[in-house]
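What follows is a set of notes on a single structure, which appears directly below.
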Amino acid sequence: MQATVAYFTRTGRSERVAQVLGRELEGRGAHVDLVRLEPIRGRTAVGGAILAALRVPAGLEQTPDLSGNDLLALVGPVWAASMTPAMRSMIEALPHLDGRPVISVVCGFHTCNGVAARMTKELQARDAGRVVSRAIGRSAVQDPLAVSDLARELCAAALGAQRQ
Ligand SMILES: Cc1cc2nc3c(=O)[nH]c(=O)nc-3n(C[C@H](O)[C@H](O)[C@H](O)COP(=O)(O)O)c2cc1C
């Protein structure tokens, strides 16, 4: 099974979550591509926050190649009560997902369930299969045990969905 874990991070927290998710998928037999999204615009916190608030995509230096991909995981922070401009570009560039499962984790200062729900909608509009989506706040993001538990739970749900 081929899995892609695409993440955006500014201060490293989402990267750690993406790495744990990647290791969990590998432990379950997946070949994992861990891909860091590099935005073209909105690289500073202020510039990025303005784009995020306006729901404007940043453009990406490179869009991950999802050919042959069986499972997609997206991880990134919440900016201005929204997904980041980099993640917006990633979602806009997604091909038709043909029912494949998607894991989505949004890492905020608060637990931003509304942002996770909006990402789920965007993914379903691209014909994702089961979308296993979670918002986590700072206390969970900073707790390695909580992140490991979350990765186990999300991967089990997503891979269970794939076998059905
Ligand atoms: C420009 C900017 C805007 C943010 N807006 C929000 C927000 O609206 N809600 C929230 O809960 N956290 C917000 N945060 C906090 C980040 O989502 C949080 O610190 C996240 O864990 C950082 O992830 P990273 O280390 O992967 O960059 C914001 C952070 C930045 C830099």
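Just a few scattered comments:
- Residues satisfying the stated conditions in the range 107-148, i.e. more than 16 Å from the ligand (Cβ to nearest atom) and open to solvent by 80 Å² or more (accessible area, probe 1.4 Å): 121, 124, 125, 130, 145
- Among the residues of the range 50-84, those identified as open to solvent by 30 Å² or more (accessible area, probe 1.4 Å), assigned to a loop (DSSP other than H, G, I, E, B) and farther than 20 Å from residue 19 by Cα are 54, 55, 56, 57, 61, 67, 68, 80, 81.
- Evaluated against (1) in a loop (DSSP other than H, G, I, E, B); (2) surrounded by fewer than 19 Cβ atoms within 10 Å (Cβ to Cβ), residue 97 falls short on exactly one condition, (2).
- Residues within the range 5-30 that are over 19 Å from residue 160 (Cβ atoms) and in a strand (DSSP E or B), tallied: 2
- Within the range 30-45, if we keep just the residues that are modelled with pLDDT of 95 or more and not charged (D, E, K, R), the residue that is most open to solvent (accessible area, probe 1.4 Å) turns out to be 31.
- Residue count for the range 24-68 under the criterion of being more than 16 Å from the ligand (Cβ to nearest atom) and charged (D, E, K, R): the result is 6.
The values are calculated or read from the model by the stated rules, or taken from the named source; none is laboratory data. Please read all numbers here as calculations on a predicted model, not as lab measurements. Positions of Cβ are backbone-derived with ideal geometry, glycine not excepted, and every protein chain shown enters the neighbour counts. Note: areas computed on protein heavy atoms with side chains; ligands, DNA, RNA excluded. Shrake-Rupley method; radii C 1.70, N 1.55, O 1.52, S 1.80 Å.
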